[in-house]
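Note sheet for the following structure.
The values are calculated or read from the model by the stated rules, or taken from the named source; none is laboratory data. Just so you know, these numbers come straight off a predicted model, no measurement behind them. Cβ: placed from backbone, ideal geometry, glycine included. Neighbour counts: every protein chain shown.
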Amino acid sequence: MTIIRKARMEDAEAIHSIIKDSTKNAMVLPRSRASVYNHLRDFFVSETDDGRVVGCCALAISWDCLAEVRSMVVIPEERGSNLGGRMVEACIQEARDLGVCEVFVLTNIEAFFAKQGFVVTDKNILPQKVWADCINCPLFPDCDEIPMIMKL
């Protein structure tokens, strides 16, 4: 049995490692160890019975009534077990609890997020504040990620 829970301090190194491994095949954008620690409260993790962290996902508040699901990764041997979907659901529930109106994602796995209830949108409708992170991205300005949004 795998549980989804909020991240704790002892999870930071595992989160960083999981994200780092997934950047090798362009599944997610890189995050520094410092960024993981600075945003640890944003993260949910998927933990196995033996205490191993096998996935992570973050909800980052972006602007008034807008949040982003980011850094969603499940280790390869656990993919296909709906852990990603369960972590995204946890992020969406937290967004609802916080009074967020819309949640967006920038992704290369459109089908996965469509199954979660996100729809493709135009990048230009997202506030300029959202793109503050994009300027530091190694893919900027040639981003190939698909913007998707969910109204809550």
Take VAL54 and decide whether it is of a type in the set (A, V, I, L, M) and within 20 Å of GLU89 (Cβ to Cβ). yes
Among (1) in a strand (DSSP E or B); (2) within 23 Å of LYS151 (Cα to Cα), where does SER46 come up short? (2)
Tell me, please, whether a residue that is buried (at least 19 other Cβ atoms within 10 Å of the Cβ), under 12 Å from the mean Cα position of the chain (by Cα) and not acidic (Asp, Glu) can be found in segment 73-82. yes
For segment 101-112, does any single residue satisfy the condition of being farther than 28 Å from MET1 by Cα, in contact with a Leu (Cβ under 6 Å, 6 or more places away or on another chain), surrounded by 14 or more Cβ atoms within 10 Å (Cβ to Cβ) and not β-branched (Val, Ile, Thr)? yes
Give segment 24-61 a look and list any residue that's more than 13 Å from the chain's Cα centre (by Cα) and at pLDDT below 90, or say none. LYS24, ASN25, ALA26
Return the only residue of LEU106, LEU139 being modelled with pLDDT under 95 and in contact with a strand residue (DSSP E or B) (Cβ under 6 Å, 6 or more places away or on another chain). LEU106
Selected residue [closer than 29 Å to ILE125 by Cβ, out of contact with any Pro (no Cβ under 8 Å at 6 or more places or on another chain) and part of a strand (DSSP E or B)] from MET87, MET27, MET72: MET72
Just checking, does segment 75-95 include any residue being modelled with pLDDT of 95 or more and more than 21 Å from ARG8 (Cα to Cα)? no
